[in-house]
Amino acid sequence: MSLRVIAGAARGMKLKPVPGDRTRPIMDRVKEALFSIIGADIRDANFLDLFAGTGSVGIEALSRGAAYAHFNDLDRQAVKTIHQNLAHTGFKPQATVTRRPALDLIARGPDRHYQFLYVAPPQYQGIWLKTLAALDENSDWQRPDSQVIVQIDPSEFDAERHFRHLEEIDQRVYGRTMLVFYQFTDCAGDSSG
């Protein structure tokens, strides 16, 4: 599968894949759909790509006008690939790349206010539910203008699972990929900052 930036400042630029088969790059049509749903809200936003893989989603956000993106992945090769892709697209100055367990990063709390938190963890391990539960527990992440977007296989979705501060606002299925959109509700944080 050829990886590329679909739209914006870096449109058409090819991205390196992570060597091996430990990551699952997002298909172009899903990425296009994702950013069509987000629309103009991506402009000047802060974007957290929590299980970043190649960095393709966060780089697409930057290309479309996001102010800043934080890329996190535990895989050493993924982190190296993200650095290469950021250098190639020219977005290094607007980005931070970290290598740590996602749940540790969430437990520490945010370094800034993120309008978008993208969660695309390894499949079939229930990691997406643990990640959302951690965000639901940590009020430092909870802002009414923040969205959490989950990318999973449709078979992983648990319609019975509810959270105190995360409300599902939309979901879309594209073949074997499901995008679920959540918004924080009843949060202590305000939308400033």
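Things to note:
- Note on residue 162 and residue 4: the extension gain reaches 53.4 nm, defined as 0.36 nm multiplied by sequence separation minus the Cα-Cα distance.
- For the chain, the longest principal axis of the Cα atoms and the long axis of helix 28-38 meet at an angle of about 50 degrees.
- Its Cα centre serving as origin, the chain has a Cβ charge dipole (Lys and Arg +1, Asp and Glu -1) of approximately 1040 debye.
- Short-range pairs are left out: with C-alpha atoms under 8 Å and at least six residues apart, the relative contact order of region 4-67 is 45 percent.
- Diffusion constant of the chain at 4 °C, which comes from Stokes-Einstein with the Kirkwood Cα-pair radius and 1.567 mPa s, µm²/s: 78 µm²/s
- Distance between region 24-43 and region 103-117 - C-alpha centres, whole angstrom: 21 Å
- Structural descriptor for the chain: relative contact order 17 percent, calculated from alpha carbon pairs under 8 angstrom and at least 6 residues apart.
- In this rough spin-label picture, where each label sits 7 Å from Cα along the Cβ direction, the residue 77-residue 185 distance is 4.2 nm.
- Seen from residue 125, the other residues with C-beta closer than 12 Å to its C-beta sum to a net charge of -1, counting Lys and Arg as +1 and Asp and Glu as -1.
- Cβ-derived FRET efficiency at R0 22 Å, residue 108 paired with residue 153, nearest 0.05: 0.15
- Here the calculated FRET efficiency for residue 14 and residue 125, from their Cβ-Cβ distance with R0 = 35 Å, stands at 0.70, rounded to the nearest 0.05.
- Among the lysines of the chain, pairs that are 8 or more positions apart or on different chains and have alpha carbons within less than 23 Å of each other number 9.
FYI, it's all coordinate maths here, none of it is from the lab. Keep in mind it's a predicted model, so treat the numbers as computed, not measured. Here Cβ is always computed from backbone atoms with ideal geometry, including for glycine, and neighbour counts include all displayed protein chains.
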